[in-house]
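*Asks:* Mind looking over this structure? Questions follow.
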Amino acid sequence: MRLRKRTSRHTWWLGLWFAIALAFQAGLAAQFIHRLLLHSHGVHADAVDWIFTFVLMFVTPLLCLGLGFYTAYQRTWDRRAWLLLLLLISYALFVIGTDTVDAVMSWPPVIRSLALIYRTFWFYSWPVWMILFAVYFPERAGVDRRWPWLKWMVLTPVGALGALYMVIRVMRNEGMPRPRILQAIEPAMSWLMQDLLWFTVAVCVGLWVARISKTSGPDARRRLRILFFGLAIGFVPVILADLIGIQIVGLQWSDFPRWIALLAALPLALFPVTLAYVTVVERALEVGVLIRQSLQYALARRGVLAMRIVVSTGVVLMVALLSGGLPLGLRMVLTAGGIWLVLLVGVGSESAARWIDRRFFREAYNVEQVLQQLAEQVTSIVELKPLLETVTHRLADALHITRLAIFLNDKNHYRPAAVLGFSEPPAYAFMGGADTVEQLRMARKPLPVYLDEPGSWTQQIKDSESNVLRELETQLLVPIARRSEMLGFLSFGPKISEAPYSPSDLQLLQSVASQTGFAIENSRLSSAMASEIAEREVLNRELAIAREVQQRLFPQERPSIAGVDLVGVCRPAREVGGDYYDFFALAGDVLGLAIGDVSGKGVPASLLMASLQASLRGQILAGAANIDQLVANVNSLVYGTSSVNRYATFFYAQYSPLQRLLTYVNAGHNPPVLLRKHSTVVRLEAGGLPVGLLPAARYEGASIDIEAGDLLLLFSDGISEAMNEQEEEWGEENMLCTLKACSSMEPAGIVKALFEAADAFTGRAPQHDDMTLVVARFST
């Protein structure tokens, strides 16, 4: 709030000051026009007088005041803006000149005294503001940084002489008695002040010439050259006229031919034009380009508006002054013509502004607008190629660039990813550790490219890189970085207008590069996500196929064995699992039963499970001598085909209905449960180590008689160790209770009841392990 109030107060004071300055200039202009009109009746005023008056009394003061107050308003925090304002206010009065008896002495008494002091102060303080301007523009002079007291040795006598002559002039015009000493030095002071004005110009020219060779940075040197030429072109004609015509020949300005006086004085209007170009437009060009384009374009946009105001004001004043003694009809015609001319200027100015933009291949752009439009476009673009094409074309349209290339990091090589303005895509690449890349990585901001400039950063890179930049016609490099990673950089060639890249351009491009880096990162992330999703879809399809294959490894049909009813179900925790069960008919109407649990989960476990199934079936077909040897052989086969720390718990049994005998080997598996018809529980534990754990192992199985009504349950630890959300295990006791409670059911119903009881216990907790059940009921 405090800053806003202070800004509003500054705006109010600037507005009041501008009104006073404008009113004073208008008063002087009106008085000069009045004099011309009086002379015109005696045929003393001609076109030369009117051109002189229009340019120096209207155009130049309005340009000075408009530029000075506009700059101060836009840059209230910048002391140089206020210094420019003071210089231009004094210059607006300086170009008009002064008379022995000031023109304001014919004004009303109260206003006359204030106007006299106002005009005298600003006219004779111009040397002070001009020297300060030469010291601080476009940047502070190095000599002033080293010896800041030096400028005061020049400003003190200059200011003292100016102040003394101010007093003399005010006292003389007011008719006040002056001391004899002032009367004695007055003639000499008049000549001395005139020489002081030219001395000031010489000091400024000398200071700028000295700074041109010593200022760091090509842009600053260009601005100094522009200021130098603007000051020289503006003041050299009038200085030559003064030296030759007045100092040597002894003429007065009134004795000069009017066209010579006009040619000598009119260039004075170029100096504020040069200041406007350097301080407001901020697009400093080389001197040759400036002569060709600065007056035509750089100020044309603002010049159109200024000319519209000047012409409108001039028309109003001319109508008011010329219609004083005319008949009513002519006054109405003159007024209507003036209004028509003002409207015509208004319509023509818009057309002129559009023509200027087309003619010089440039357009006014707003940084926020370009960024907003670019952001809206890139956020909807996922693919990298359309994104880069959008960025290149948007920047080329905004800045009218002839060549543009975007280099992106590709395996530690920065290669062109998008180009514009090349007949063939450039085949250049910068290594990740190239000098150019390192300079951009350290700077992390736009770097102008001056290949032939001594002291430029380009002098520190290899010749091969300089040749690449030269062939690309690079004038500016802008890094594209995200966090600590440099994703790439943009190479900008010359503009069609031949203008260099201004500070506002650099601000825009740095913001665009940041936005582009964010978009590129998003694009790569989206591409990675799309690739990952595609890979996941492929993996899911492959897992679905693997699940189908694994399901076909389980028994597809139940063997028909007299007196046995059995059901087996495996529910893997993932698409595929490591649990295994099997049953099959053997020779002699014998039933083979198997269950296994491979260590681990997922695809690796499923592969070992398939190896276990193949090993078991192979040994059965080979006809092992006994069941103990069969399991020992399976152990050797599984060990040979599995990696370290891969093994499987395994249970294998054979049931003979004729002998009503169950022979089994338990290789480290959860002991199966034999539930007698009187609810007696027998655990089948005899056997040995899990298969695949050691290369050779001995197994000793056992046999048990089977009675009518007995129930055999084979299970994996995924059933007994099923956990709920509190990580509590269901446990074998709960499993046995459920088994006893549903023992009267058919095997399929028992399997269903056991799964439902386990699921009810676990609740919403995810299944953490494969769950397998095999239930066999033995009847008479």
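The values are calculated or read from the model by the stated rules, or taken from the named source; none is laboratory data. Nothing here was measured: the structure is a model prediction, and the numbers come from that model. Note: accessible area is taken over every heavy atom of the protein model, side chains too, but ligands, DNA and RNA are not part of it. Shrake-Rupley method; radii C 1.70, N 1.55, O 1.52, S 1.80 Å.
*Asks:* Using θ = phi - 60° and the Karplus form 6.51 cos²θ - 1.76 cosθ + 1.60, what ³J(HN,Hα) does each residue of the range 657-668 get, whole Hz, x for Gly and Pro?
*Replies:* x, 5, 8, 6, 10, 10, 9, 8, 9, 10, 9, x
*Asks:* For residue 516, tell me the accessible area in Å² from a 1.4 Å probe, rounded to the nearest 10.
*Replies:* 0
*Asks:* Of the accessible area of the range 489-623, with the probe set at 1.4 angstrom, what percent is carbon plus sulfur?
*Replies:* On the range 489-623, the fraction of accessible area on carbon and sulfur atoms equals 55 percent.
*Asks:* So, one more: Please list, ordered by chain and number, the residues whose modelled amide H lies under 5 Å from the amide H of residue 449; skip anything fewer than 5 residues away on the same chain.
*Replies:* 476, 477
*Asks:* Amide H to amide H, which residues 5 or more places from residue 95 or on other chains are under 5 Å from it, using H placed in the peptide plane?
*Replies:* Distant-sequence amide H within range of residue 95: zero hits.
*Asks:* Let me ask you something else. Distance cut-off 27 Å, Cα to Cα: go down the list 411/445; 411/601; 601/677 and report the pairs above it.
*Replies:* Result: 411/601; 601/677 exceed 27 Å.
*Asks:* Shifting gears a bit: For residue 151, which lysines qualify as cross-link partners when the Cα separation must be under 28 Å and same-chain residues fewer than eight apart are set aside?
*Replies:* Counting by Cα, and skipping residues close in sequence, residue 151 has these lysines nearby: 214.
*Asks:* Right, another one. Compute, for residue 627, the solvent-accessible surface of its heavy atoms (probe 1.4 Å) with the complete set of protein chains present, and express it in square angstrom to the nearest 10.
*Replies:* 20
*Asks:* Mind putting together the pair-distance distribution for the range 412-537? All Cα pairs, 10 Å bins, whole percent per bin, short to long.
*Replies:* That works out to 11, 40, 34, 10, 4, 1, in percent per bin.
*Asks:* Is the C-alpha gyration tensor of the range 534-643 telling us rounded, prolate or oblate? Criteria: a/c under 1.5 is rounded; beyond that, a/b larger than b/c is prolate, otherwise oblate.
*Replies:* Oblate is the answer for the range 534-643, as a/c is 1.5 or above yet b/c matches or exceeds a/b.
*Asks:* Could you give each residue of the range 599-610 its phi-based ³J(HN,Hα) in whole Hz, using Karplus coefficients 6.51, -1.76, 1.60 with θ = phi - 60°, and x for Gly or Pro?
*Replies:* Going residue by residue, I get 5, x, 9, x, 4, x, 5, 5, 5, 5, 4, 5 Hz, with x marking Gly and Pro.
*Asks:* At 37 °C and 0.692 mPa s, what whole-number value in µm²/s does Stokes-Einstein give for the translational diffusion of the range 399-450, with Rh from the Kirkwood sum over Cα pairs?
*Replies:* 268
*Asks:* Sticking with this structure for a sec: Sequence-distant or interchain residues sharing an amide H contact under 5 Å with residue 586, placed H: which?
*Replies:* Result for residue 586 returns 591, 592.
*Asks:* Moving to a separate point now. With a 1.4 Å probe and every protein chain left in place, tell me how much accessible area residue 385 has, in Å² to the nearest 10.
*Replies:* 140
*Asks:* Can you work out the Karplus-derived ³J(HN,Hα) for every residue in the range 67-73? Use 6.51 cos²θ - 1.76 cosθ + 1.60 with θ = phi - 60°, whole Hz, and x for glycine or proline.
*Replies:* Karplus values, whole Hz, x for Gly and Pro: 5, x, 6, 5, 5, 5, 5.
*Asks:* Taking all protein chains together and a probe of 1.4 Å, list 732, 575, 727 from the most accessible to the least accessible.
*Replies:* 727, 575, 732
*Asks:* With a 1.4 Å probe and every protein chain left in place, work out the accessible area per residue of the range 481-533 in Å², rounded to a whole number.
*Replies:* 42
*Asks:* Here is a follow-up. Rank 531, 523 by accessible area, highest first, at a 1.4 Å probe radius?
*Replies:* From most exposed to least exposed: 531, 523.
*Asks:* On a 1.4 Å probe surface of the protein chains, which of 73, 165, 136 comes out largest in accessible area, and what is the full order?
*Replies:* 73, 136, 165
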